[in-house]
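Data first, discussion second: the structure below is written as structure tokens.
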Amino acid sequence: MLRKILFNNIPATYTIGAVVGVLIGFLLLMLTLNAWNLYTAFTGSTQGQSEQYVTINKKVGLLNSLNSSFSSFKQAEIDNIQQQPFLDDWAPYLRSTFGVQASRQASANMPYMRTEMFFEALPNRFLDHKPEDFTWGKGQTHIPIIIPKEYLNLYNFGFAKAQGLPNVSEKLVGRFSFDIRLSDRQRKEQYTGSVAGFTNRVQSLLVPYAFLKSANSRFSNSETQKPDRLILKIKPNMEKDLYRYLEKKGFETTHDAFQGGRVALFVNISGTVLLAIAALIILLALIIYALTLQLTVQRNKDEIYQLILLGYSHRTIFFVYTVLQSVIALFVFALSAFLVYLLTGEAIDFLAQRYINLENFSIVPGVMTSALVMVGFLVFLAANTYRLVRRLSLRGTI
Amino acid sequence: MELSLSNVLPYPLKEMEHHSKSFWNAGTLQFQQGEVYEIIAPSGRGKTTLLDILFGKRKDFDGSYAINGSTTNKLPLQQWAALRRAHISYVFQGLRLFKHLTGVENIALKNRLTGCLSDNDITSMAGKLAIADQLHKKAGLMSFGQQQRLALIRALAQPFDWLLLDEPFSHIDRETAEVAADLITSVCREKGAGCIVTRLGNESFITADHQIVL
């Protein structure tokens, strides 16, 4: 009955409107905080930092096209790169020193295929996505291979379309196995191979490091190989220094690698702007809500005073308002948290499909921060309501 | 419970001229529990103001008001609430009913604070005051006279040492007024409570021990 009296003179649409406003504002707050955390996890995650990994090589000019050793990095150059402040980690690409031929017998819907190719290998820590079966042990005759995602796209949208062949999915590609022959003038070895996974970071055909090291030692006499390409892991926000260094030394890299830095800057700026806009909307929503509550108390001031004169304590009246605020807050919090959980789940799936696994991300910090904001807001509302009800009880008017 | 006024003069009455017998000249009186006091004055002489002061509703006055010898100047809200629940009951001139609630709900609002009356008590009182068939109507739909009787039942739905009545019979016919006055007198006697009732100077329904002229 008290609720019937204390919320009598306020249209339900006012309250519903204010609650919806706060819900939107609060949802926006949680989403923004989680988007920010998602972005931080993305830039902080070693797996997600594809833009922080750069493959460099020397420019192919007239001199090194005549003599391939000119395109290799000299020890002094490598030492110099190692001393650069932007460098976090690095590794040379290990390349095959023998001929590789892949072939597949004709089947019902595939023609006979044969291609000359090559292998390269990198330590696993440089892979953006390491499939579980991307390993090799002595005696293993099956070679798992990681190929650039772009190759599958080239096949699906270029080759297959032109030849009238069916498209293949990532999973399907993994099921095809083919014959692989390693050979040089003295040796021949027969293996089978299949595509174990795809990479967006490395534009090469990658095999397990242990396999290539072992095969190279059997096929080639020289243990040491001068690397032509290096993969570098760059410290966060040091792309500019790298770019300046590469320009000075005349080294090359894929241009796209630098887009990451620009994208990061763009995301930083737009994220900050979004955060500011969200903060403004949240502030407005909270102000509207607080004003609606104040209006509710003011419009029911006669009723509140009548209750006081009947012997009701101002604390009882304050309690009725505050319990309802807490119930609304809990509802808004639970609904926002649930929606944010669903949305961030979608976002993580979306990124995972692009090999960005954000293991460090959790919605808990964002939700907890929002909960703190909500508690703060509730305390503010409660203090304001108490002040109004007390003043009303003392004076009979506000 | 003893209510004492000492040199009390409400601010709005300061500028007015008061005749020689007016209570406001001295503003001093001790109300003894169990006695019936009648305040008689034409409109605008401060009858309601005096009751409001005794009920702790108004604090805009010179002098002091004490309950059982303790001044009420700085009595906290919680204590006023406790006094209004268990010691001082008031039938306001404006009645202060919740118009959108039914008669039963209006009484229940007070009764649930105190648990003073049973459903039978309420029905019996309403029967005596000839509003038993009106109790389930919204208060706003009752006549003013019916509302006055409803407000009286609500005021009786609590324990009290003092019952303040501000022109309680102004809109009630003579016969019902006499029944109401009997009810008030018997309840007050039963509780050993004092009663302070105001009237304009017209017919008196309650036999008073003391008369105060304003």
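The values are calculated or read from the model by the stated rules, or taken from the named source; none is laboratory data. Treat the numbers as computed from the prediction; the structure is a model and nothing was measured. Glycine gets a Cβ as well: all are built from the backbone with ideal geometry, and neighbour counts include every protein chain shown. SASA here: full protein model, heavy atoms, side chains in, ligands and nucleic acids out. Shrake-Rupley method; radii C 1.70, N 1.55, O 1.52, S 1.80 Å.
Scan the range B:56-67 and give yes if some residue there is aliphatic (A, V, I, L, M) and out of contact with any helix residue (DSSP H, G or I) (no Cβ under 8 Å at 6 or more places or on another chain), otherwise no. Explain how you work it out, then say what you get.
Our first condition is that a residue be aliphatic (A, V, I, L, M); within the range B:56-67, this holds for B:66-67.
Applying the additional criterion that residues be out of contact with any helix residue (DSSP H, G or I) (no Cβ under 8 Å at 6 or more places or on another chain) yields B:66.
Yes, the conditions are met somewhere in the range B:56-67.
Yes/no per residue for (1) within 13 Å of chain A (Cβ to nearest Cβ); (2) crowded, with 22+ Cβ neighbours inside 10 Å; (3) modelled with pLDDT under 95:
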| site | (1), (2), (3) |
| --- | --- |
| B:SER143 | no, no, yes |
| B:LEU150 | no, yes, no |
| B:PHE160 | yes, yes, no |
| B:PRO168 | no, yes, yes |
| B:HIS171 | no, no, yes |
* Residues B:LEU152, B:LEU163: which one is in a strand (DSSP E or B) and either touching a residue at least 40 places away in the same chain (Cβ under 8 Å) or closer than 23 Å to B:GLY34 by Cα (or both)? -> B:LEU163
* Asked: From the residues in the range B:62-81 that are out of contact with any strand residue (DSSP E or B) (no Cβ under 8 Å at 6 or more places or on another chain) and open to solvent by less than 40 Å² (accessible area, probe 1.4 Å), which one is farthest from the other protein chains (Cβ to nearest Cβ)?
  -> B:TRP80
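Let's see how each residue does on (1) under 30 Å from B:LEU95 (Cβ atoms); (2) open to solvent by 70 Å² or more (accessible area, probe 1.4 Å); (3) in the same structural domain as A:PRO148 (by TED's automatic domain parsing); (4) acidic (Asp, Glu):
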position	(1), (2), (3), (4)
A:LEU307	yes, no, no, no
A:ILE317	yes, no, no, no
A:ALA329	no, no, no, no
A:PHE333	no, no, no, no
A:ASP349	no, yes, no, yes
A:LEU358	no, no, no, no
A:VAL375	no, yes, no, no
* Please list, ordered by first then second residue, the pairs with beta carbon atoms under 6 Å, 6 or more apart or interchain, first in the range B:100-119 and within 11 Å of another protein chain (Cβ to nearest Cβ) and among the hydrophobic types (A, V, I, L, M, F, W, C), second surrounded by fewer than 21 Cβ atoms within 10 Å (Cβ to Cβ) and in a helix (DSSP H, G or I). => B:LEU113/B:ARG85
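Return the only residue of B:ARG58, B:ARG96, B:ARG85 being in contact (Cβ under 8 Å) with a residue 60 or more places away in the chain, facing chain A (nearest Cβ under 10 Å) and surrounded by fewer than 22 Cβ atoms within 10 Å (Cβ to Cβ).
Working: B:ARG58 fails: in contact (Cβ under 8 Å) with a residue 60 or more places away in the chain; B:ARG96 fails: in contact (Cβ under 8 Å) with a residue 60 or more places away in the chain.
Just one listed residue meets the conditions, B:ARG85.
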